Amino acid sequence: MGWTPESGFLNARWEHYCELMMIYLLGIGSPTHPLPPSSWDAWTRPTIKYQGSSTFPETIRFFTHQYSHAWYDFRNKRDAYTDYFDNSVKATKAHKLFVCPCTINSRLQRKPVGISASDYVKGYTAWGGPPPQGPIDGSIVPCATGGSLRFLFDDCARVLRNLRGRYRDRVWTKYSFVDAFNPLIGWYDADVLGIDLGITMLMAENQRTQFYGTPS
C-alpha cells in the first residue's frame, strides 16, 4: 500500500475490495510495466448481508464504494463476481438503513446522513458501517453523502440541501462544506479538506453530465 525510503514497504496491502479497483486498472493498463490481467482476480471479495442486501464488507469504510467510481464508469459492467456499480448502489442503500437509526436519537431528521472517514471532535477516525465501526457519536460527514450522488441521487441531494439550509452559517464555506460537524455537542470542524470536497465534486459532475474523467 506504500513505501518509504526509511523502512521500505508498509505492512498493509491492496488485497481486498476497496478503492483499489482504480489502482489495479491503472496497473493492468500500463504501457510500460503492465500487471497481468489475472491480478484482477487476486484480491478478495467476501460479502455481508445487511437487512436483505448483499454487499462487500467495506460498507464499513463507506468511501471505498465511491472513489474508483469517480474516475471509471462501471455501469453495466460486471465480471465473474459482481456488477460493481450496482454493488455500490446497494452499499449506499445499506448505509442509509444503518445510519438512519443512528440519527433518530440525535434529534436529526430521519434522513440518510452519511458517515465516512473524517475529522471528529477528538481528531480523525475512519468510522462507518454496517457493521458499526468507530465512535459513532452523531457527527455528520457531508462528503459521505456527496460521494454517493451517483448512486442514490434524489436522497443524497435532499440531504445535502437540508444540511446546507439548516446549518449553513456554521458548515458552509467559500469552498463548500466543512469536513464534519456534530450539532449535538456544538462542534463544527474548522477544516475543509480537498480530498473530501473532491469526491463530492466529481460525483456531482458525473451525475450532471455523465462525464467520467480518465486518470493520466
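The values are calculated or read from the model by the stated rules, or taken from the named source; none is laboratory data. Since we're looking at a predicted model, the values are computed, not measured. Cβ coordinates were reconstructed from backbone atoms using ideal geometry, including for glycine residues, and neighbour counts include every protein chain displayed. Ligands, DNA and RNA are excluded from the accessible area calculation, which covers all protein heavy atoms including side chains. Shrake-Rupley method; radii C 1.70, N 1.55, O 1.52, S 1.80 Å.
Out of segment 23-64, which residues are within 13 Å of Pro131 (Cα to Cα), in contact with a helix residue (DSSP H, G or I) (Cβ under 6 Å, 6 or more places away or on another chain) and part of a loop (DSSP other than H, G, I, E, B)?
Gln51
Part of a strand (DSSP E or B) and buried (at least 19 other Cβ atoms within 10 Å of the Cβ), is that true of Asp119?
Yes, satisfied.
For segment 155-179, which positions are among the polar types (S, T, N, Q) and either part of a loop (DSSP other than H, G, I, E, B) or over 18 Å from the mean Cα position of the chain (by Cα) (or both)? Walk me through it before giving the result.
At the first step, the residues of segment 155-179 found to be among the polar types (S, T, N, Q) are 162, 173, 176.
Selection gives Asn162, Thr173.
Just wondering, is there one or more residues in segment 180-199 that are in contact with a Ser or Thr (Cβ under 8 Å, 6 or more places away or on another chain) and in a helix (DSSP H, G or I)?
yes
Count, please, the residues in segment 1-22 that happen to be loosely packed, with under 14 Cβ neighbours inside 10 Å, in a loop (DSSP other than H, G, I, E, B) and hydrophobic (A, V, I, L, M, F, W, C).
Initially, segment 1-22 is screened for residues loosely packed, with under 14 Cβ neighbours inside 10 Å, giving 1-13, 15.
Applying the additional criterion that residues be in a loop (DSSP other than H, G, I, E, B) yields 1-2, 5-7, 10-13, 15.
Restricting the remaining residues to those that are hydrophobic (A, V, I, L, M, F, W, C) gives 1, 10, 12.
Total meeting the criteria: 3.
Can you pull out the residues in segment 200-216 that are in a loop (DSSP other than H, G, I, E, B) and open to solvent by 60 Å² or more (accessible area, probe 1.4 Å)?
At the first step, the residues of segment 200-216 found to be in a loop (DSSP other than H, G, I, E, B) are 210-216.
Hits for segment 200-216 are Gln210, Phe211, Thr214, Ser216.
Residues are listed down the side, and each one gets a yes or a no for (1) touching a strand residue (DSSP E or B) at 6+ places or on another chain (Cβ under 9 Å); (2) polar (S, T, N, Q); (3) under 16 Å from Asp73 (Cβ atoms):
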| residue | (1), (2), (3) |
| --- | --- |
| Asp155 | no, no, no |
| Leu163 | yes, no, no |
| Lys174 | no, no, no |
| Leu197 | yes, no, no |
| Met201 | yes, no, no |
| Ala204 | no, no, yes |
| Phe211 | no, no, yes |
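If Leu97 satisfies all but one of (1) modelled with pLDDT under 90; (2) assigned to a loop (DSSP other than H, G, I, E, B), what's the number of the condition it fails?
Result: Leu97 fails condition (2) only.
Just name the residue that is farthest from Val99 (Cα to Cα) out of those in segment 136-154 that are open to solvent by 20 Å² or more (accessible area, probe 1.4 Å) and not in a helix (DSSP H, G or I). Step through it out loud before you land on a result.
As a first pass, look at segment 136-154 and keep what is open to solvent by 20 Å² or more (accessible area, probe 1.4 Å): 136-137, 150, 152-154.
Cutting the leftovers down to not in a helix (DSSP H, G or I) gives us 136-137, 150, 152.
Details: Ile136: 10, Asp137: 11, Arg150: 19, Leu152: 15 Å.
Per the criteria, the residue is Arg150.
When you go through Thr32, Thr82, Thr44 one by one, which is the residue that is open to solvent by 70 Å² or more (accessible area, probe 1.4 Å), more than 18 Å from the chain's Cα centre (by Cα) and in contact (Cβ under 8 Å) with a residue 12 or more places away in the chain? Talk me through it step by step, then tell me what you get.
Values: Thr32 fails: in contact (Cβ under 8 Å) with a residue 12 or more places away in the chain; Thr82 fails: open to solvent by 70 Å² or more (accessible area, probe 1.4 Å).
Just a single option satisfies the conditions, and that option is Thr44.
On the basis of being out of contact with any Leu (no Cβ under 7 Å at 6 or more places or on another chain), open to solvent by less than 70 Å² (accessible area, probe 1.4 Å) and among the hydroxyl-bearing types (Ser, Thr, Tyr), does Ser53 make the cut?
Here the answer is yes, as Ser53 does meet what is asked.
Are any residues in segment 159-197 among the small types (Gly, Ala, Ser) and either open to solvent by 60 Å² or more (accessible area, probe 1.4 Å) or free of Cβ contacts under 8 Å to residues at least 12 places away in the same chain (or both), and if so, which ones? Explain how you work it out, then say what you get.
Our first condition is that a residue be among the small types (Gly, Ala, Ser); within segment 159-197, this holds for 165, 176, 180, 186, 190, 194.
Residues satisfying the conditions are Gly165, Gly186, Ala190, Gly194.
Given the structure, is Val178 touching a Phe, Trp or Tyr at 6+ places or on another chain (Cβ under 7 Å) and farther than 21 Å from Gln66 by Cα? So that I can check it myself, show each step before the final result.
Details: touching a Phe, Trp or Tyr at 6+ places or on another chain (Cβ under 7 Å): yes; farther than 21 Å from Gln66 by Cα: no.
Criteria not met by Val178.
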